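**Student:** Take a look at the following structure, please.
Nothing in this text is a laboratory measurement; each read-out follows from the coordinates by a stated rule. Treat the numbers as computed from the prediction; the structure is a model and nothing was measured. Please note: Cβ atoms are built from the backbone with ideal geometry, for glycine as well, and neighbour counts cover all protein chains shown.
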Amino acid sequence: MKNILSLAGSLLRGGGRRTILDLSLTVVGVAIPVAVILLVVGTVTGFRERENAMAWREPTPATAEATALQRRSYQPWKGRRVDIVELRAIESTPPVPPGMDRFPREGEVWVSPALREALDEDGWFTFEQRVGGQIVGLLEDEALAHDDELVAVVGNGSLEPTPEDELLPYDHRHGGGFLPSDVLPVSEFAESGEDPGLPLLYMVSAWIAGALLVAPSISLLGAGARLTAARRGRRLAALRLAGATSGQVTALAALETAFGAVLGIGLGVAVALVGMAVVSSRIPLGGGRFSFSDLLPSPLAVSVILVGALLVAVASALAGLREVRTTPLGVVRQGRRKRPGWRRFLVMVVAWTAFIATIPFTQGTGEYVVLVAGLAVVILSISTVGPVFAWFMGWLTIRLTRGPRGLVAGRRLMADPIGSFRPTTGLVLISFVAGFLLLSSATLPEVSTNDSALVLATFGPGDRSDATEWRQKLADVYPQATFDESAHGDLAIMLPPGADVEAERARIAGITGTFPLTEAELDFENRLFTDDVRRAVWVVVAIALIQAAAATGVGSAASVLEQANTLAALSLTGTPTSQLQGARALQSAIPITVSSAVFVTLGAAAGGLTIVGIQPDVTIVVPSLVQAALVVVAAAVAAVAGTSLSRPVLQSVLTQPLAER
Amino acid sequence: MTLERPVLIGRDLTKRYGDVTAIDAVDIDVWRGSSIALTGPSGAGKTTLLHVLAGIIRPDRGTVALDGVRIDSASDRERSRLRRRHFGFVFQEGYLVPELTALENVALPLLLLGNPKSQALREAQRWFEPFGIGGLEHRRPAELSGGQAQRVAIARAIVTGPSVVFADEPTAALDSETTHRTMGLLESAVRHANAGLVVVTHDPEVAARCDVQISILDGRLRQAA
């Protein structure tokens, strides 16, 4: 083993500039997916941390002797939502809420810093009137999920426990509407748990986005380790021919790859930390920005990711060595090229069948994990069927193009469809992702931004008597107002232009005893989620495009190094660099453009099926063709841009004397 | 009466790499229909002289003229164009494009010159039978023997009808029997095209087949026959 270590060290040290370039490509090829996976897991962790930070606000029935009563409700404030926690001590030692130094007395109100900022001078008075108390303190960070949260803790001496026969099931609050919780006796505040204020769709969406980004990342991780496999294979084959055993060659390859992978993992962690800093400082999700520490995955999760990345990288490199161990002479002669079989299409058919089968299961059981797993299988099948597309595109290119670029690009695609598709896997996957998101975000419900009407909600059909009663009472106060009664019995009062919504709200609540909301406020959850999904679509698409462009560049650079002598010889004979680079760009752009169009469509189909799986009664909205075309163009541009990243490596290869390569 | 003159003329050619003088005040003439062997130990300056004559690198001093036109002072782009149009190259390992078929490899220089694909493939096809590689048109380089690959490389060098063919150790990777056949083919192809041939070689037998043998030592011409 000592000799192997020493030999591996000599090979790395003595390899010169080419070995450094090879190693750099492996490092970058591993770093990008590691960074993406850490970011995805970090975002999911962030949502979980946020849920845990909010958990104390939801009353949890006392398991020991109850010491306090608690109710949670949401109230609107100028189009935003305030989380109100009302408390009343029923014993002398009630639990101290997080972020406060003591339990609130009757009439005392603690508010979050963001809420205090949102209350101007008049608003302060109106708000105090509304919640029935005086603001006496500020909530500390431990009480909040993020800095922008509007939260108030109110000491309410009039709370009485909800009678047992009137208790509502917990699930009724899912969806995070404005319906208050029951008043429950509590003995402590929960430290973790699900929160009805954070729609389940967020977690589902985070997992789906994760599956969409992580699956190509794992594929790229393996590709990163195999980037320079052919050249390394030839070098190790020479050692094998010189008498090295199969085990020694395997150990050398493992050591060499592990060295590059460890450097790549280190770089990936650094990039992920920068990414987390950007996400936490710039990108609001779920109504606010994450704190940096919320996005840090647990040490166990980080260890699993990093060790897993190392194992995948080494395993991929060793899988590429099979030929060296068995037929070293064949590797030295570069005699073998793999051609993808049509059986790969079967894999895709099986994957789609499995995915479609999860939909009725998910609809029946509500187990979204199964649906997401099915989706992940479909995504993974793309990299299996991709090479067949690449081969076919090569065949078509040769027949349709006239110049040398098309000929060389087409032949390269046909000669090595698996290798050609590998660096562009990410871009094809992003087409699928974009198609998926285009359809799912287009299908999101329309949200109202109307804040010129206050609606008295009856919380259910059949309460028309309420609406009629309210109408009579309000008609005297608002003789000029227009009333609009909805099919569900809700009563909308159109406010005159420029009316003070908060003042009118308080006035109407005083008359009817019911708190009215604007249409925009009633749609708060939908608006928040729709805005977040649109923002998240951009983030996911941008990350995937960067990842894919970088992978294309790294893969293309590796291919330049593999064929350095041939490219240099062509250049010496007068072949312009533009022709050589042009052939590479075509080689990437052709399969990408066509496959993107196909996979945008398939992605949209998967998006539609997923939505149907989650929400069976939704009306699917087909996205515009212009958006779909934009995705295809963006993918093609990223492919060409990614390939152009390899131009400096090509120039370096061409300016080096042939004998020195 | 028109006086014949060399197709390629090099005068006072000098090239230095740092403190090392790779070639030093070399004068050389290449004639159509004749061959020159450049021999000498490794590092003597043979390949540098070939690269200077082919316009791949510029000399520090001296001139190179192709059919009376200076090429040493031309731009990189112009010299690339001249190489495509007027020179052919054969390398030690052939350096065929591995993904292209043998036929496409031979047609590649014609395509680069802007010929239509069908015409380029038809023109390339003409060389396969005379070169003894008929039937191998659709094989890839990896499916060819060393000798077959080198014949394809020679066809690629000659297909555009070049003025001069440069061959850098064209037979170094071949056995003696194949070397003999390959050199015979290269000579006849060059004569047929009425081109000049410049061969860099370590092999005395290959050198002996050429019309002129030039030995280089420490960048200077030592002997001419």
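**Student:** Of A:H146, A:I37, A:Q75, which is farthest on the positive side of the dipole of segment A:21-147, counting Cα position, with +1 on Lys and Arg Cβ, -1 on Asp and Glu Cβ, and the Cα centre as origin?
**Tutor:** Projecting each Cα onto the dipole axis, the largest value belongs to A:Q75.
**Student:** How about segment B:36-110: which trypsin sites (Lys or Arg not before Pro) there lie in a loop by DSSP and see at most 14 other Cβ atoms within 10 Å?
**Tutor:** Here no trypsin sites (Lys or Arg not before Pro) fit, given the DSSP loop and packing criteria.
**Student:** For a Förster distance of 45 Å, can you work out the FRET efficiency between the beta-carbons of B:H202 and A:L400, rounded to the nearest 0.05?
**Tutor:** That pair, B:H202 with A:L400, gives E of 0.45.
**Student:** Under 10 Å from the Cβ of B:T39, count the other residues' Cβ atoms, weight Lys and Arg +1, Asp and Glu -1, and hand me the total.
**Tutor:** Around B:T39, the surrounding residues sum to +1.
**Student:** Let me ask something else. Bin width 10 Å, origin at 0, all Cα-Cα pairs of segment A:40-174: what percent of pairs per bin?
**Tutor:** 11, 41, 35, 12, 1
**Student:** Could I ask something else about it? Using only the alpha carbon atoms of segment A:265-324, find the Kirkwood hydrodynamic radius as the inverse mean reciprocal pair distance, in angstroms to one decimal.
**Tutor:** 13.7 Å
**Student:** Provide, for q = 0.13, 0.18, 0.28, 0.35 Å⁻¹, the log10 of I(q)/I(0) from a solvent-free Debye sum over equal Cα point scatterers in segment B:9-49.
**Tutor:** The computed values of log10 I(q)/I(0) come out as -0.31, -0.56, -1.06, -1.23.
**Student:** What number, in nm² with one decimal, is the all-direction average of the projected area of the convex hull of the alpha-carbon atoms of segment B:36-182?
**Tutor:** Across all orientations, segment B:36-182 yields a mean hull projection of 9.8 nm².
**Student:** So, one more: Under 5 Å between amide H atoms, partner at least 5 residues away or on a different chain: which partners does B:A22 have, H built in plane at 1.01 Å?
**Tutor:** Hits under the 5 Å cutoff: B:K15, B:R16, B:Y17.
**Student:** Let me have the 222 nm mean residue ellipticity of chain B computed from DSSP H runs of 4+ only, each contributing -39500 (n - 2.57), with the sum over all residues rounded to the nearest 500.
**Tutor:** Helix-only estimate at 222 nm: -10000 deg cm²/dmol.
**Student:** Also, quick follow-up: Using only the alpha-carbon atoms, how far is helix B:176-192 inclined from the longest principal axis of chain B? Give it as 0 to 90 degrees, nearest 10.
**Tutor:** Orientation of helix B:176-192: about 80 degrees from the principal axis.
**Student:** Could you pull the Cα extents of segment A:487-588 along its three principal axes, largest to smallest, in whole Å?
**Tutor:** Principal axes ranked by extent give 91, 26, 23 Å for the Cα atoms.
**Student:** Over the residues of segment B:1-92, compute the C-alpha Rg and express it relative to 2.2 N^0.38 Å.
**Tutor:** 1.09
**Student:** Amide H to amide H under 5 Å from A:V151: which residues, 5+ apart in sequence or cross-chain, H placed 1.01 Å off N in plane?
**Tutor:** A:D83, A:S112, A:L115
**Student:** Would segment A:351-436 count as rounded, prolate or oblate if I go by the C-alpha gyration tensor, calling it rounded below 1.5 in a/c and otherwise prolate when a/b exceeds b/c, oblate otherwise?
**Tutor:** The shape class here is prolate.
**Student:** Sticking with this one: Amide H of B:V90: which non-local residues (sequence gap of 5 or more, or other chain) have their own amide H closer than 5 Å, using H built in the peptide plane?
**Tutor:** B:F166, B:A167, B:D168
**Student:** Among A:150-157, A:265-272, how do they line up by average Cβ neighbours within 10 Å per residue, starting with the highest?
**Tutor:** Peptide ranking by packing, descending: A:150-157, A:265-272.
**Student:** Another question about this same structure. Could you run the Karplus curve 6.51 cos²θ - 1.76 cosθ + 1.60 with θ = phi - 60° over segment A:504-509 and give me ³J(HN,Hα) per residue in whole Hz, x for Gly and Pro?
**Tutor:** Listing the rounded values in order: 5, 4, 4, 5, 5, 4 Hz.
**Student:** In segment B:23-40, which residues have a backbone nitrogen under 20 Å from the label point lying 7 Å from B:R220's Cα in the Cα-to-Cβ direction?
**Tutor:** Residues passing the 20 Å test: B:23-29, B:38-40.
**Student:** Throw me the Rg/Rh for segment B:96-225, computed over C-alpha atoms with Kirkwood Rh, two decimals.
**Tutor:** Across segment B:96-225, the Cα-based Rg/Rh ratio is 1.00.
**Student:** While we're here: For a quick protection proxy, order the peptides A:632-638, A:23-29 by their average other-Cβ count within 10 Å, most packed first.
**Tutor:** Listed from highest to lowest mean packing, they are A:23-29, A:632-638.
**Student:** Please give the net charge around B:V52, taking every other residue with its beta carbon less than 10 angstrom from that of B:V52, where Lys and Arg add +1 and Asp and Glu add -1.
**Tutor:** 0
**Student:** Of the listed peptides A:346-356, A:580-590, what is their order by residue-averaged count of other C-beta atoms within 10 Å, with the highest listed first?
**Tutor:** Going by the mean number of other Cβ atoms within 10 Å, highest first, we get A:580-590, A:346-356.
**Student:** Go ahead and run the numbers for FRET between A:T514 and A:A373, Cβ-Cβ distance against an R0 of 41 Å, rounding to 0.05.
**Tutor:** Calculated transfer efficiency: 0.35.
**Student:** Using only C-alpha atoms and all pairs of different ones, pull out the Kirkwood radius for segment B:99-152 in Å with one decimal.
**Tutor:** 11.0 Å
**Student:** Indicate, rounded to the nearest 5 percent, the antiparallel portion of the DSSP beta bridges found entirely in chain B.
**Tutor:** Around 50 percent antiparallel, to the nearest 5.
**Student:** Please compute the net charge surrounding B:R77, taking Lys and Arg as +1 and Asp and Glu as -1 over other residues with Cβ under 13 Å from its Cβ.
**Tutor:** With Lys, Arg at +1 and Asp, Glu at -1, the neighbours total +3.
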